[in-house]
Amino acid sequence: MSILRVGNAPCSWGTLEFEGAKGEQIGFARMLDELAATGYTGTELGDWGYMPTDPDALRRELKSRGLAMLGAFVPVALKDPAAHASGVEHALRTARLLAAVATEPKPYLVLADNNGTVEERTRNAGRITPEMGLHPLEWHIFATGANLVARSVLRETGLRTVFHHHCAGYVETPDEIAKFLDATDPDAIGLVFDTGHYCYGAGGGDVRAGLERFRDRIWYIHFKDCHPEIAARARAEQWDYFQALRHGVFCELGKGSVDFPSVLRWMRDTGYRGYALVEQDVLPGMGTPEASARRNRQYLRSIESSPVRVGIIGAGRIGKVHARTIAHRLPEAVAVAIMDTDIGAARALAGACGIARVAETAEEILTAPDIDAVLICSSTGTHADLVERAARAGKHIFCEKPIDHSLEKIDRALEAVAKAGVKLQVGFNRRFDANFARVRRAVESGEIGTPHLLHIVSRDPAPPPLAYIEVSGGMFLDMTIHDFDMARFLIGDEVEDIYTTAAVRVDPEIGKAGDVDTAVIVLRFRNGVIATIDNSRKAVYGYDQRVEILGSEGSIATGNCYPNEAVISTASSVRKDLPLNFFMERYAESFVNEMRAFLQAVREDKPTPVTGKDGRIPVVMALAARKSYDEHRPVRLEEIGAALVGRPLSPTISQRWGPGGKYS
């Protein structure tokens, strides 16, 4: 299971900061293209001027490839007090650019000593003795300079600074790292822990022990490996740092002595949620950077095999579905905890699905360090708050639809998700049904030409209990919301306006609660497609779920699903059994497929297939459909954003819509 996001650095494409060690100078555009193509989602700035220094230009280059800017390396001769002022100036120039293109997580100013410039330290890299280190006054000057840089950057840009311990600099050995951290401000400066430099600088020391020793100050991690035989030869033959570098002391990941599976376990166990940045120093003659980057990413994927650890909030009908799916169908995940306000239901489901822990509160799930992702399967009114809290806790989130009935609450939840940089998938499971997925492929591939008309039939076998209807948000927010999402999914475009005609034809009590039970809704898409949605709360013959699209070159349609394929033929009729009568049966495989897709997004650091935006827009459509019904006119979706955003919806439909179905 990937508990981290993986980036790669420009130095992996030969842009090292040392003039004598630079490889082929590959242009930044090609570097970014290859970096993204080989499976990385973040990078660092490289030498000043390597990438665009205009914020707008740099932002465009990153955004077009889906990359985050993670940091920038700034070397300063911290032992020399005369270098401090220029070091601050250099750091601030860099930090301003980082801040201008920052996303989540925020990038770091990566401060380092001016490595490779002190002859004794460069000559003895990998075998430093205490006598080669700084004296107490020099440590004071060194730390003063680091604090000055870090505090200046924090004060002006709000970005934090991490210090890069580095061979051939004054902070190389474990004891030197400890001295540096003891002497610097823990609020302004942390540590970027570099696995390869630690291993070589510690004389082959245990990287896991170093992570544990400095865990309270580690804010960022660089992945680099160290070849034990080349390191041993470098020490025996007394190579300097650059000789060791050219001989490949820092080898590709998995080919050296760094125990990366142990590193990943440490990151998981301590709840590390940041990026890991691969630094593969590629010098002339060391091969193709793109191929090396691809091998490093493949290696990391090969060891990220532990399952996603899931916490489930809600042990009701849909909670049971997901718990059983994880227990019996998806080995890539394990449910480690569950909670429900009905603790008896939670205990029963835990026992049935082998879930080790029953939590008494949602907070226990959200704050547990052994949980990577949460499944929010509780009642609708709890969703938005739980999404916010889960995001703040750094958990990936699967949330059942809808996120909320209030756009204000939805927007607040989505803002928290974006700020935390976690995954969010909304539970529109019908997208993952094989029939509807085939229809989408026909549209996407042009198989039926340009779509003209879409017709969705969605009818339940029987209405839900009245008590449920009163708190459901109404038919459009509870039932039709699936069809709104399906329309967007199948056509691949956005709806401009909605017209609704509806009535109470099934149960008068539904009308007394302020809702409708029968409706036809017309959607007009931006691309000209006209769609109709045909809804009823009661189709006596079973669960009726059909779709047809007419295109310029043909049509595609899906019918209902049946419990068997048997056909009975007699002298009086030819018939078959009724369609599946319950959505849990009709869409059983779609629930498995949607959860598999969510877990894949978490494991491989990919976007989820049903995003927060996909969760928000059907709510806007539902509110527009109700407004159209009330006002007997087409409603443009943009009216809802202006008119209803921020207006909380009250507990029952009758309170929400008022007598006669008018919005109150």
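Coordinate-derived values only; no laboratory data. The model shown is predicted, which means the values in this text are computed figures rather than measured ones. Neighbour counts are summed over all protein chains in view; Cβ atoms, including those assigned to glycine, are modelled from backbone coordinates with ideal geometry.
By the Cβ distance rule of under 4.7 Å, the chain has these cysteines without a partner: C11, C167, C251, C353, C377, C399, C561. With each label modelled as a point 7 angstrom along the Cα→C-beta vector, the E360-E631 pair spans 5.0 nm. The slack in the chain from R301 to E212, taken as 0.36 nm per residue of separation less the alpha-carbon distance, amounts to 29.7 nm. Per the Debye calculation on region 9-303 with a single equal scatterer at every Cα and no solvent contribution, log₁₀ I(q)/I(0) for q = 0.08, 0.14 Å⁻¹ amounts to -0.30, -1.04.
With 26 Å as the limit, the listed pairs K606/K627; K179/K224; K419/K606; K224/K606 have K606/K627 beyond it between alpha carbons.
A cut-off of 5 Å between modelled amide H atoms, ignoring neighbours fewer than 5 places along the same chain, links R160 with L109.
For G427, the residues whose amide H sits under 5 Å from its own are C399, E400, K401, ignoring neighbours fewer than 5 places away on the same chain, with H placed 1.01 Å from N. The amide H of A112, built 1.01 Å from its N in the peptide plane, has V74, V76, H164 as neighbours under 5 Å, considering only residues 5 or more places off or on other chains. The simple Förster model, with R0 at 25 Å and r as the Cβ-Cβ distance, assigns Y50 and D80 a FRET efficiency of 0.45. Our analysis of the chain gives Rg over Rh at 1.06, with the two radii drawn from alpha carbon positions and Rh computed by the Kirkwood formula. Label-to-label distance for A418 and T570 is 6.2 nm, based on points extended 7 Å past Cα in the beta-carbon direction. Step through the table entries K79/K106; K401/K613; K423/K613; K409/K512; K63/K401; K320/K576, compare each Cα-Cα distance with 24 Å, and write down the pairs that go over it. From the list (K79/K106; K401/K613; K423/K613; K409/K512; K63/K401; K320/K576), the Cα-Cα distance tops 24 Å for K79/K106; K409/K512; K63/K401; K320/K576. As a calculated quantity, the FRET efficiency between D269 and R60 at R0 = 45 Å, using C-beta atoms, amounts to about 0.70. Tell me, what is the FRET efficiency for K538 and E104 to the nearest 0.05, using R0 = 45 angstrom and their Cβ-Cβ distance as r? The calculated FRET efficiency here is 0.45. Potential lengthening of the chain between E509 and A462 amounts to 15.5 nm, from the contour at 0.36 nm per residue minus the alpha-carbon distance. Projected label points at E589 and T144, each 7 Å from Cα along the beta carbon direction, are separated by 7.2 nanometres.
Please express the Cα-Cα pair-distance distribution P(r) of region 308-422 as a list of whole percents, one per 10 Å bin, running from 0 to the bin with the greatest distance. Using 10 Å bins, I get a P(r) of 16, 49, 30, 5 for region 308-422. Quick one: Cα centre-to-centre distance for region 34-105 and region 521-576, in angstrom? The distance from the Cα centre of region 34-105 to that of region 521-576 comes to 54 Å. When each of H84, H165, H632, H140 is scored by the number of other beta-carbon atoms lying within 10 Å, the sequence from fewest to most is H632, H140, H84, H165. If a spin label sat at a point 7 angstrom from the Cα of T129 along the line to its beta carbon, the backbone N atoms of region 226-253 nearer than 20 Å would be those of 232-241.
Shown in residue order for region 397-404 are the 3J(HN,Hα) couplings computed by the Karplus curve 6.51 cos²θ - 1.76 cosθ + 1.60 at θ = phi - 60°: 9, 10, 10, 5, 7, x, 4, 5 Hz (x for Gly and Pro).
At full extension, T288 and S379 could sit 27.4 nm farther apart than now, given 0.36 nm per residue minus the alpha carbon distance.
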